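See structure below.
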Amino acid sequence: MTLEQQLSVLVQSAVKALYTIEVEDSQIQWQKTRPEFEGNITLVVFPFVKLARKAPAQIATEIGEWLTVNGEGLVAKFNAVQGFLNLVIADAFWIRQLQAIDTDANYGQQPDRHQLMMVEYSSPNTNKPLHLGHVRNNLLGYSIARIQEANGWKVVKTNIVNDRGIHICKSMLAWLKYGNGETPESSGKKGDHLIGDYYVRFDKEYKTQIAELMAAGKDEETAKREAPLMLEAQEMLRKWEANDPEVRALWTKMNSWVYAGFDETYKRMGVSFDKIYYESNTYLEGKSEVEKGLASGAFYRREDGSVWADLTKDGLDEKLLLRSDGTSVYMTQDIGTAKLRFQDYPIDKMVYVVGNEQEYHFKVLSILLDRLGFPFGKELVHFSYGMVELPNGKMKSREGTVVDADDLMDKMVEEAKEISKDKVNTLQGITEEEANEIARKVGLGALKYFILKVDPRKNMLFNPAESIDFNGNTGPFIQYTYARIQSVLRKADLTPTLSQGEGASPLGEDEREVLDPKELALIQRLTDYPAIVRNAGENFSPAVICNYAYDLACDFNSFYHDLSILNEPDSDKRALRLLLAKNVAKVIQSALSLLGIEVPERM
């Protein structure tokens, strides 16, 4: 039972004893005590005024007096400020809370709710490597999945790979025309990087053709439409959908190069998937559903043969579902993918982690699925997040002006290695391999924390140098706090007897006010963790976890600066502080794991 729950039971008893009235749980309101007043928690007494027929300050005083006498030692003292009752909770309670945290191997995790949530993230195209925008998507998706697991959901992490379409044909065509048989083996490049180069090459040659046509008198739109490269790419797409064996063989070969590259990047990033869907498999399901919708009158066909949905009655416009040549669009694929997913899994909640530029798309998808008769149509959740921007503007894959995910991770690890060089060299007996592993954890931890600490719904400006700082609100600062605690515990020669058993107090049975304010602040922060995890889950916000981990690290460093641990002469206080340090480390590790961040034992 939480502190608020225990106190609510006592307040109900107090009000009944003092005023012979019954109050519901909903009438009992708790707040954090304002910093200018003494207390750990505050009861709002205004809801009782009408029933008790007394002034708010008198009611607060009378309830406070009753709680200190009859509160089973929970309330040490109180102060009443008008209609607010500020309660000072006995130190013995906080010590018991710390010991309960210490004995709970799954502290912070909520009970199994026996429901399944599917979280889709990543959604790469096989015409280019993953870039900084994908990094934010993957880190958010993976962290949201971890947080929801901690909140009792069974989570299926899924990915939809966009492996077909005109953009894929562009890189395929450029490789055929300009590649001279180049392969990842012959070039020494990762497969996804190799294919990305040809996507950029297509755009370069395409722009040249547009310029030539415009110089010959064509307007820009006509030139874009009639450029030979674009016409060839469109023809290649038609052949692909017609199962042309040569086009399909080329597509299979080039995609295999990309998948190998993606797998390497995902592994290094520390993200994973339980199920991967491919647009090449799902778009046919989507086309079939669109045809059914056409037959039922849910959609209509225009004179050119294209199929559309009229959404004007829903406050939107008309949406293309099949082109005039019969080829499908993204919406068609998403209809098919949704159908297959709900066939494969008993999904209670489907969450799409997709950037905010696709908000319209998912509004339409929800309406179309509902119109097609799928009961899950209205229950889809689009987790809409902001874009990652650079100091010099937005990224453009086709122009090659992106921050590559692999290059970014290389840079972060190298930065960590350089910055932590002096610190690592002070660690006795550390090998070069161990130093490199520390740099990897710190560099990637810095990247992940910097990305995730921002409110996910806001656009963010990425600054690698700021993210790697060992001071301030950064991943390395929190990781260093964890490593510092591990160092203290190693020096203390910590043994299992430190936790003295449930209900026992390392400070004796009779002392009521024995905790230093710094100790009390840390224990209170630790007790907040389960509520923080719930909050992060309800709001789909890893930033909530980041802010908590940072505040906990700050509280510990303040405690560590002001109070001695290893040199504390009082053995009981030393035992308490070691127990406190041990559990701060435990919760830091738990919180960072929800963000996909590893913690080094030494730094």
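The values are calculated or read from the model by the stated rules, or taken from the named source; none is laboratory data. Keep in mind that this is a model prediction, so the values were computed, not measured. So basically every Cβ, Gly included, is an ideal-geometry build from the backbone, and we count neighbours across all protein chains shown. Just the protein is used for accessible areas: all its heavy atoms, side chains included, with ligands, DNA and RNA removed. Shrake-Rupley method; radii C 1.70, N 1.55, O 1.52, S 1.80 Å.
Does segment 392-411 contain any residue that is modelled with pLDDT of 90 or more and more than 29 Å from Y198 (Cα to Cα)?
There is no residue in segment 392-411 that is modelled with pLDDT of 90 or more and more than 29 Å from Y198 (Cα to Cα).
Tell me which residues, restricted to segment 266-285, are open to solvent by 50 Å² or more (accessible area, probe 1.4 Å), in contact with a strand residue (DSSP E or B) (Cβ under 9 Å, 6 or more places away or on another chain) and among the charged types (D, E, K, R).
Those that are open to solvent by 50 Å² or more (accessible area, probe 1.4 Å), in contact with a strand residue (DSSP E or B) (Cβ under 9 Å, 6 or more places away or on another chain) and among the charged types (D, E, K, R): D274, K275.
I'm trying to understand the selection: among the residues of segment 101-111, which are under 18 Å from I523 (Cα atoms), assigned to a loop (DSSP other than H, G, I, E, B) and open to solvent by less than 50 Å² (accessible area, probe 1.4 Å)?
If the condition is that a residue be under 18 Å from I523 (Cα atoms), assigned to a loop (DSSP other than H, G, I, E, B) and open to solvent by less than 50 Å² (accessible area, probe 1.4 Å), then Y107, G108 are the ones that fit.
Report the residue count in segment 185-234 for those that are of a type in the set (D, E) and more than 29 Å from L130 (Cβ to Cβ). Steps first, answer last, please.
To start, the set of residues in segment 185-234 that are of a type in the set (D, E) comprises 185, 192, 197, 203, 205, 212, 219-221, 226, 232.
So of that shortlist, the ones also more than 29 Å from L130 (Cβ to Cβ) come out as 212, 219-221, 226.
Looking only at that region, the number is 5.
With the requirement that a residue be in contact (Cβ under 8 Å) with a residue 24 or more places away in the chain and β-branched (V, I, T), what does segment 328-346 give you? Please lay out each step first, then the result.
Of the residues in segment 328-346, the ones in contact (Cβ under 8 Å) with a residue 24 or more places away in the chain are 328, 330-342, 344-346.
Answer for segment 328-346, where residues must be in contact (Cβ under 8 Å) with a residue 24 or more places away in the chain and β-branched (V, I, T): T332, I335, T337.
Go through segment 240-256 and count every residue that is open to solvent by 30 Å² or more (accessible area, probe 1.4 Å) and touching a residue at least 40 places away in the same chain (Cβ under 8 Å).
First, pick out the residues of segment 240-256 that are open to solvent by 30 Å² or more (accessible area, probe 1.4 Å): 241-246, 248-249, 251-253, 256.
This time we only want the ones that are touching a residue at least 40 places away in the same chain (Cβ under 8 Å), so: 241, 251, 256.
Here the count works out to 3.
Check segment 344-356 and report whether any residue there is under 30 Å from N138 (Cβ atoms) and surrounded by fewer than 14 Cβ atoms within 10 Å (Cβ to Cβ).
In the first step, residues of segment 344-356 are kept if they are under 30 Å from N138 (Cβ atoms); the result is 344-356.
When the remaining residues are screened for being surrounded by fewer than 14 Cβ atoms within 10 Å (Cβ to Cβ), the result is 344, 346.
Within segment 344-356, one or more residues are under 30 Å from N138 (Cβ atoms) and surrounded by fewer than 14 Cβ atoms within 10 Å (Cβ to Cβ).
Among the residues of segment 166-178, count how many are touching a Ser or Thr at 6+ places or on another chain (Cβ under 9 Å) and open to solvent by less than 10 Å² (accessible area, probe 1.4 Å).
2
Identify the residue in segment 106-154 that is aromatic (F, W, Y) and under 30 Å from T252 (Cβ atoms) and, among all such residues, is farthest from the chain's Cα centre (by Cα). Lay out the reasoning, then the answer.
Step one: of segment 106-154, the residues aromatic (F, W, Y) are 107, 121, 142, 153.
Those still in the list that are under 30 Å from T252 (Cβ atoms) too: 121, 142.
On the way: Y121: 11, Y142: 6 Å.
So, considering only residues that are aromatic (F, W, Y) and under 30 Å from T252 (Cβ atoms), the one farthest from the chain's Cα centre (by Cα) is Y121.
For S8, are the conditions met, namely being under 25 Å from A521 (Cα atoms) and not charged (D, E, K, R)?
Working: under 25 Å from A521 (Cα atoms): yes; not charged (D, E, K, R): yes.
In short, yes.
Which of the residues spanning segment 365-380 are surrounded by fewer than 16 Cβ atoms within 10 Å (Cβ to Cβ) and outside any helix (DSSP H, G or I)?
G373, P375
Being touching a strand residue (DSSP E or B) at 6+ places or on another chain (Cβ under 9 Å), at pLDDT below 95 and open to solvent by less than 20 Å² (accessible area, probe 1.4 Å) is the requirement here; does G141 meet it? Don't jump to the end; show me each part of the working.
Working: touching a strand residue (DSSP E or B) at 6+ places or on another chain (Cβ under 9 Å): yes; at pLDDT below 95: no; open to solvent by less than 20 Å² (accessible area, probe 1.4 Å): yes.
So G141 fails the test.
Considering only segment 421-443, I want to know if a residue exists there that is in contact (Cβ under 8 Å) with a residue 12 or more places away in the chain, in contact with a Gly (Cβ under 7 Å, 6 or more places away or on another chain), open to solvent by 70 Å² or more (accessible area, probe 1.4 Å) and over 19 Å from L552 (Cβ atoms).
no
Restricting attention to segment 117-137, and to residues there that are open to solvent by 10 Å² or more (accessible area, probe 1.4 Å) and assigned to a loop (DSSP other than H, G, I, E, B), which single residue is nearest to T527 (Cα to Cα)?
Within segment 117-137, the match that is nearest to T527 (Cα to Cα) is S123.
How many residues does segment 240-286 contain that are within 14 Å of N127 (Cβ to Cβ) and touching a Cys at 6+ places or on another chain (Cβ under 9 Å)?
Number of matching residues: 2.
Can you tell me which residues in segment 2-17 are at pLDDT 95 or above, aliphatic (A, V, I, L, M) and open to solvent by 20 Å² or more (accessible area, probe 1.4 Å)?
V9, A17
Could you pull out every one of the helices (runs of 4 or more DSSP H) wholly within segment 511-603 that has 2 or more residues that are of a type in the set (S, T, N, Q), surrounded by fewer than 19 Cβ atoms within 10 Å (Cβ to Cβ) and in contact with a Gly (Cβ under 7 Å, 6 or more places away or on another chain)?
Once the helices (runs of 4 or more DSSP H) in segment 511-603 are filtered for at least 2 residues that are of a type in the set (S, T, N, Q), surrounded by fewer than 19 Cβ atoms within 10 Å (Cβ to Cβ) and in contact with a Gly (Cβ under 7 Å, 6 or more places away or on another chain), nothing remains.
Take L507 and tell me if it is over 18 Å from K421 (Cβ atoms), open to solvent by less than 20 Å² (accessible area, probe 1.4 Å), of a type outside the set (D, E) and modelled with pLDDT under 90. Give the steps one after another, and end with the answer.
Working: over 18 Å from K421 (Cβ atoms): yes; open to solvent by less than 20 Å² (accessible area, probe 1.4 Å): yes; of a type outside the set (D, E): yes; modelled with pLDDT under 90: yes.
Yes, satisfied.
Which of the residues that make up segment 462-504 are open to solvent by 30 Å² or more (accessible area, probe 1.4 Å), modelled with pLDDT under 55 and in a helix (DSSP H, G or I)?
P496, T497
Output the number of residues of segment 144-165 satisfying the condition of being basic (K, R) and open to solvent by less than 10 Å² (accessible area, probe 1.4 Å). Walk me through it before giving the result.
Step one: of segment 144-165, the residues basic (K, R) are 146, 154, 157, 164.
Narrowing the set further to residues that are open to solvent by less than 10 Å² (accessible area, probe 1.4 Å) leaves 164.
Qualifying residue count, segment 144-165: 1.
Kindly indicate whether D263 is of a type in the set (D, E, K, R), touching a strand residue (DSSP E or B) at 6+ places or on another chain (Cβ under 6 Å) and modelled with pLDDT of 95 or more.
Working: of a type in the set (D, E, K, R): yes; touching a strand residue (DSSP E or B) at 6+ places or on another chain (Cβ under 6 Å): no; modelled with pLDDT of 95 or more: yes.
Spelling it out, it is not the case that D263 is of a type in the set (D, E, K, R), touching a strand residue (DSSP E or B) at 6+ places or on another chain (Cβ under 6 Å) and modelled with pLDDT of 95 or more.
Please go through segment 292-311 and pick out each residue that is outside any loop (DSSP other than H, G, I, E, B) and either touching a Pro at 6+ places or on another chain (Cβ under 8 Å) or open to solvent by less than 80 Å² (accessible area, probe 1.4 Å) (or both).
Here is the first cut: in segment 292-311, the ones outside any loop (DSSP other than H, G, I, E, B) are 292-296, 300-301, 307-310.
Within segment 292-311, G293, L294, Y300, V307, W308, A309, D310 qualify.
Every residue in segment 64-79 that is more than 13 Å from N40 (Cα to Cα), of a type in the set (A, V, I, L, M) and buried (at least 17 other Cβ atoms within 10 Å of the Cβ), please.
Taking segment 64-79 first, the residues more than 13 Å from N40 (Cα to Cα) are 64-73.
From what's left, of a type in the set (A, V, I, L, M): 67, 69.
Within segment 64-79, L67 is the sole residue that qualifies.
Cβ-Cβ distance below 6 Å, separation of 6 or more or different chains: which pairs start in segment 44-71 with a residue that is among the acidic types (D, E) and end on one that is in a helix (DSSP H, G or I) and open to solvent by 40 Å² or more (accessible area, probe 1.4 Å)?
E62/L18
Among (1) part of a strand (DSSP E or B); (2) without any contact (Cβ under 8 Å) to a residue 60 or more places away in the chain; (3) open to solvent by 10 Å² or more (accessible area, probe 1.4 Å), which single condition is H114 missing?
(1)
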